[in-house]
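Everything below concerns the one structure shown next.
The values are calculated or read from the model by the stated rules, or taken from the named source; none is laboratory data. From a predicted model like this one, the values you see are computed outputs, not experimental measurements. Here the Cβ is made from the backbone with ideal geometry for all residues, glycine too, and neighbour counts use every protein chain on show.
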Amino acid sequence: MKVTVRRILVAFASGYPYQQIFAKVYEYSTPAPQHQSTPRRQRFTIRKRPSIMISHMRYYILLFTLLFFLTQPARGENWPQWRGPSLNGVSRETNLPIRWSPTENIAWKLPMPAWSGSTPIIWEDYIFLNVADRDDLYLWCVNRNRGQVLWKRHLGGGNKKMRKQNMSSPSPVTDGKRVWVMTGTGVLKSFDFTGKEIWARNLQKEYGRFGLNWGYASSPLLYTDSLYVQVLHGMKTDEPSYVLAINKNSGQNRWWVERPTDAMMESPDAYTTPAILRLHSKVQIVISGGDYVTGHDPKTGRELWRVAGLNPERRRANRIIASPTVEGEMIYAPSRVRPLLAIRAGAGGDVSKSHRVWSTNNGPDVPTPVTDGKYFYIVRDKGIMWCLDAKTGEEVWGPQRVRPGTYSASPVLADKKIYVTSEDGVTTVVAAGPEFKVLGENDLKGYTLSSPAISNGQIFIRTDTHLYCIGNRTSGD
């Protein structure tokens with residue numbers, strides 16, 4: 001295997017631990033030991049030394065390059081999917097705002113026709129929004145610098161309210177060239193950045209009516225050249241739950257697999273979004289819901305492993321909303337408050353007992369937790385927070401209350417701060433780390449289900465009345 005700067009940077013950008021990257025650089029950049037039977041004094045002749053020197057020189061050049069990039073200040077990031085650039089609610093950005101109001105520290109605000117559970121998706125100068133407007137659903141493209149709508153594309157009719165949510169809950173995804181958006185009515189469409197429609201599908205027409213009690217809300221997951229879509233349901237249908245992979249360019253299926261469950265009544269329903277697990281050189285798709293957590297081969301959809309235990313009491317209304325979170329080889333899977341499971345990846349089959357690391361009954365219901373790998377942060381629906389040791393589950397602090405209210409948005413972690421937004425539009429900024437400390441409370445006075453997005457030094461928060469751009473933009477170079 002040839003080691004190049006490009007390979008190193010791709011590995012680093014993909015989230016591999018730097019210790020593993022260093023080890024691989026050394027392994028592939030140094031000569032293999034010689035096992036010939038020639039005398040020791042003949043093994044390293046004058047002719048051989050230059051290649052050895054070149055190999056070591058290449059190792060040190062590559063190592064220096066890697067260290068250079070590791071020590072550079074974090075650049076401005078896009079927010080291309082629901083849980084951001086790393087798919088886990090964590091941003092590497094710094095110098096983010098901690099104080100704002102409807103009239104202070106606001107770069108611009110854009111009027112919105114209704115609330116939504118979907119998150120603003122940001123790529124450089126473009127923002128994409130899944131929008132419900134009366135009976136119709138639209139994809140909006142907004143100029144990120146001016147807060148002006150560049151275009152709107154009709155996705156379909158049939159919008160309706162189902163308890164809190166409407167049919168615009170799934171967040172769009174983008175790769176910087178195209179954008180894909182799904183609605184709670186089953187419409188899935190692809191557009192380029194000019195608004196030209198590339199392809200369109202309707203999953204309800206193809207595979208039957210969605211049977212979730214409170215409407216479909218899972219966001220698609222974009223990884224390499226495929227979209228991964230889950231439909232986990234059962235309360236209002238006898239049709240099986242399923243997962244499918246779709247070619248992002250053509251819109252054609254790569255595979256469709258049934259995801260079996262023995263969950264009862266409403267418990268098969270899941271409003272979660274798939275996650276990505278990178279384990280050594282392998283990648284898996286993690287699905288949570290229907291009383292189980294499963295790992296799937298991204299190329300075939302084959303189930304690789306399964307963990308039970310999300311519903312040990314076999315409750316009949318154990319629908320799951322909070323999505324799985326992956327950090328390193330750890331998978332954190334919430335249920336309906338109790339329990340939240342911490343699972344170690346790495347084996348096949350039923351690993352319910354062998355790979356459970358810890359659990360807690362202080363999990364969330366709606367907000368998806370966030371972790372940096374050291375601390376694990378939970379926000380309960382009533383604004384109660386816990387910080388646990390991410391590896392052991394031991395309590396670091398908590399319970400601690402932030403502003404009283406109901407919390408549906410998921411917290412984001414950036415700049416050593418946790419941003420926690422209530423349905424009242426109040427974002428509490430909490431210091432990350434072993435001591436609970438509130439750094440600021442910021443009230444936008446609007447009904448808010450959408451999770452915050454962070455890009456180039458700015459925070460984007462969507463209420464029922466406006467999309468707010470908070471703070472000053474930093475360079476994206």
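Quick notes on this structure:
- Residue match in region 382-393 (condition: in contact (Cβ under 8 Å) with a residue 60 or more places away in the chain and either farther than 24 Å from residue 166 by Cα or in a strand (DSSP E or B) (or both)): yes
- Enumeration of residues in region 142-162 that are in a strand (DSSP E or B) and within 20 Å of residue 76 (Cα to Cα): 142, 143
- Selection over region 271-323 of residues that are touching a residue at least 12 places away in the same chain (Cβ under 8 Å), under 19 Å from the mean Cα position of the chain (by Cα), in a strand (DSSP E or B) and surrounded by fewer than 19 Cβ atoms within 10 Å (Cβ to Cβ) gives a count of 3.
- Reported count of residues in region 295-338, each being touching a Leu at 6+ places or on another chain (Cβ under 8 Å) and within 14 Å of residue 275 (Cβ to Cβ), is 10.
- Within region 394-443, the set of residues being assigned to a loop (DSSP other than H, G, I, E, B) and more than 17 Å from residue 117 (Cβ to Cβ) comprises 394, 402, 403, 404, 415, 416, 432, 433, 434, 435, 436, 437.
- Within region 279-314, the set of residues being in contact with a Gly (Cβ under 7 Å, 6 or more places away or on another chain) and modelled with pLDDT under 95 comprises just one member, 279.
- Some residue of region 135-148 being more than 17 Å from residue 451 (Cα to Cα), touching a Ser or Thr at 6+ places or on another chain (Cβ under 9 Å) and surrounded by fewer than 16 Cβ atoms within 10 Å (Cβ to Cβ): no
- The one condition in (1) surrounded by fewer than 15 Cβ atoms within 10 Å (Cβ to Cβ); (2) at positive phi that residue 156 fails to fulfil: (1)
- All of (1) over 16 Å from residue 193 (Cβ atoms); (2) among the small types (Gly, Ala, Ser); (3) not assigned by TED's automatic domain parsing to the domain that holds residue 85 hold for residue 107 with one exception: (3).
- Residue that is surrounded by the fewest Cβ atoms within 10 Å (Cβ to Cβ) [pool: residues in region 248-270 that are closer than 23 Å to residue 344 by Cα and not small (Gly, Ala, Ser)]: 260
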